[in-house]
Ligand code: HEM
C-alpha cells in the first residue's frame with residue numbers, strides 16, 4: 001500500500017526544512033503522531049475510493065503560461081454562488097413560505113434575529129455581485145475567444161448557467177412578499193404571458209393558476225430553493241470538470257515558441 | 001475551424017500548457033485573493049445598504065411602483081424602446097429569446113480560428129455594441145427613477161385621485177403630463193379617447209402586461225377614475241390663481 005506523498009510546495013530556500021543530520025534519531029513527538037494519523041486516515045479513504053487521484057488531477061494540472069487575473073472571474077462567480085448557498089441556508093431557518101406568514105417571518109428575521117439583517121443583506125447584494133461577476137466572466141470568455149474549439153460545450157453549459165442564475169434572482173425577488181417584490185413579480189409574470197404561443201402557459205405555470213397567491217409563492221419557493229440551485233450545482237460541476245479536462249485557454253496573444261522538433265516538421 | 005487548424009491549435013496549446021505552472025498553488029493563490037475581494041464586497045454592501053423590507057404586499061391597495069432588480073432593467077427598458085403594442089411580444093419574449101439563441105449557438109456560427117480580439121473585428125465590435133446597449137438600457141432604467149409623482153396642477157377635488165394614480169405605479173408604464181414611462185399608451189389626454197366608464201373597465205379588466213386593479217379600494221378607484229376623466233391634454237384651470 002503506497003503511502004500518500006504530498007508534493008512539497010515551492011518554498012524559498014530559507015523556509016525549507018533543513019535536512020536531518022545523519023545519525024540523529026527520528027523525532028516522534030505529538031505533531032508527528034498526528035501527522036501520521038491524518039496520513040493513514042487519508043490513505044484508508046484513498047485505498048477504498050482512489051479519490052486522491054482525482055484531487056491530484058484537479059489541483060496539480062498545469063495552467064498555461066500567461067494565465068492572468070481575468071481568469072479568476074469564473075472561480076469568484078463560484079465563490080459568490082457558495083456564499084449565496086450558505087447565507088440562503090440561514091435565511092431558510094427563519095423564512096416561512098406561506099402567503100400569510102412570508103412577510104411576517106421576513107420582518108422578524110430582519111428586525112429581531114441576531115445578525116438577521118446582515119445575512120439578508122449579504123444574500124441580497126451577493127446576488128448582484130454574482131450577476132456582475134458572471135457577466136464579467138462571460139465577457140472574458142468572449143473576448144479571449146475561449147468558446148472556440150474544443151470548448152464549445154462548456155460555453156453552452158455556461159449559457160444555461162446564466163439563464164439559471166437569472167431565474168434564481170427572479171424567483172427570489174418575490175419571497176419577502178413586500179409591495180415591491182409582489183408587484184414587480186406580477187408585472188414580470190404578466191410580461192411572460194405576452195409571449196407568443198407558450199407565453200400564457202408559462203405565466204399560468206408560474207402563478208400556479210389564474211390567481212396570484214399562495215400557490216405562486218410555494219412554486220417560486222420550491223424553484224428558488226430546490227430546483228434551480230440543484231441544477232446550478234450539478235451544471236457547475238460539469239462546467240468545472242470540462243475546465244479541468246480541457247485546460248483553461250492561454251491568453252490569445254500568447255504565441256507558443258515551439259521547440260526544435262516541432263519546427264522541423266513544418267515546411 | 002478545419003481539421004488542420006484544430007490540430008494546430010491543440011499542438012500550440014499543449015506547448016503553452018507544458019510551459020505553464022501547476023494550478024495549485026499558483027492559480028489557487030490568485031483565485032483565493034479574488035475570493036477575498038468578492039467576500040469583502042458582499043459584506044461591505046450588506047453593511048452599507050442593508051436589507052430593506054417595504055410595506056407588506058397588499059393586492060388591494062397597489063401603492064407601489066413595480067420595479068425589478070436593477071440587472072433586469074435592460075429587459076424592462078426594452079419594453080419602452082419598442083413601443084407599438086403589436087410589437088410588445090417581440091420586446092418581451094422575442095428579442096431576449098433571439099439573443100439567447102444567438103448566444104448558445106455562438107461557437108457554431110463563429111468558426112473563425114483566430115482568437116485575438118483585435119483580429120476578430122466583427123465579433124469584437126458585436127460584443128462591445130452588446131455591452132454598450134445593455135449598459136445604456138440599464139442606465140435608462142435607473143435614470144427613469146421611481147416614478148411616484150405627477151407634476152401637474154389640478155383642481156383640489158382631484159388631488160386625491162392624482163395621488164392614488166401616482167402611488168399605484170401607473171407611471172411605470174404610462175405617461176401623464178411630463179412624468180412616466182412609455183410601455184402603455186400616453187394617458188395625458190385619455191379623457192378625449194375614452195369615456196369615464198371605459199377607463200373604469202380598463203382598470204378592472206386590462207390587457208396584459210397591465211396588472212388588474214379590480215381589487216382596488218372602491219373609494220380610491222372612484223377618485224382615480226374621476227381624475228383620469230379630467231385629463232384632456234389641456235392645462236387645467238386651477239381656481240384661485
Ligand atoms: C454560475 C456561473 C459560472 C461559474 C461558477 C463558472 C466557473 C468557471 C470557472 C471556475 C472557469 C475556469 C476558468 C476561469 O475562471 O476563467 C470557467 C471557465 C469557462 N467558463 Fe464559466 N462559469 C460560470 C458561467 C459561465 C457562463 C455564463 C459562460 C458563457 C456563456 C461560461 C463559459 C466558460 C468557458 C467557455 C470556460 C472555459 C474558458 C477557458 O478555458 O479559458 N461560464 N468557468
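Using just its DSSP H runs of length 4 or more, each adding -39500 (n - 2.57), chain B gives a mean residue ellipticity at 222 nm of -15500 deg cm²/dmol after division by all residues. Shape analysis of chain A based on the Cα gyration tensor places the equivalent ellipsoid semi-axes at 46, 30, 17 Å, largest first. Among B:59, B:25, B:121, the largest mean-square fluctuation in a Gaussian network model of chain B (Cα springs under 10 Å) belongs to B:25.
Taking neighbour counts of Cβ atoms within 10 Å as a proxy for exposure, in what order, fewest first, do B:111, A:120 appear?
B:111, A:120
Relative contact order, whole percent, for chain A stands at 21, derived from Cα pairs under 8 Å and 6 or more residues apart.
Rounded is the label for region B:156-228, because a/c, from the alpha-carbon gyration tensor with a ≥ b ≥ c as root eigenvalues, stays below 1.5.
With a Förster radius of 56 Å applied to the C-beta separation of residue B:126 and residue A:205, the computed FRET efficiency comes to 0.95. Remark: region B:111-232 projects, on average over all directions, an area of 10.7 nm² (convex hull of Cα atoms). Of all the options A:236, A:157, A:197, the one that moves most in a Gaussian network model of chain A with Cα springs shorter than 10 angstrom is A:197.
For the options A:14, A:184, A:238, a Gaussian network treatment of chain A with springs between C-alpha atoms closer than 10 Å singles out A:14 as fluctuating the most.
In terms of other Cβ atoms within 10 Å, B:115, B:11 run from fewest to most in the order B:11, B:115.
Expressed as a whole percent, how much of the Cα-Cα distance distribution for region B:70-143 exceeds 16 Å? Tail fraction, whole percent: 59. What does the C-alpha gyration tensor say about the overall shape of region A:89-240? Classify as rounded when a/c is under 1.5, otherwise prolate if a/b is larger than b/c, or oblate. Taking the square roots of the gyration eigenvalues as a ≥ b ≥ c, region A:89-240 is oblate.
Dividing the alpha-carbon radius of gyration of the protein assembly as shown by the rule-of-thumb value 2.2 N^0.38 Å gives 1.24. Looking at the square roots a ≥ b ≥ c of the eigenvalues of the Cα gyration tensor of region B:3-49, which shape do they give, rounded for a/c under 1.5, prolate if a/b is larger than b/c, or oblate? Verdict is oblate for region B:3-49. Look at the alpha carbon pairs under 8 Å that are at least 6 residues apart: their mean separation over the length of chain B gives a relative contact order of 22 percent. Modelled spin labels at residue B:102 and residue A:70, positioned 7 Å past Cα toward Cβ, are 2.1 nm from each other.
FYI, it's all coordinate maths here, none of it is from the lab. Nothing here was measured: the structure is a model prediction, and the numbers come from that model. We place every Cβ from the backbone using ideal geometry, glycine too, and count neighbours over all the protein chains shown.
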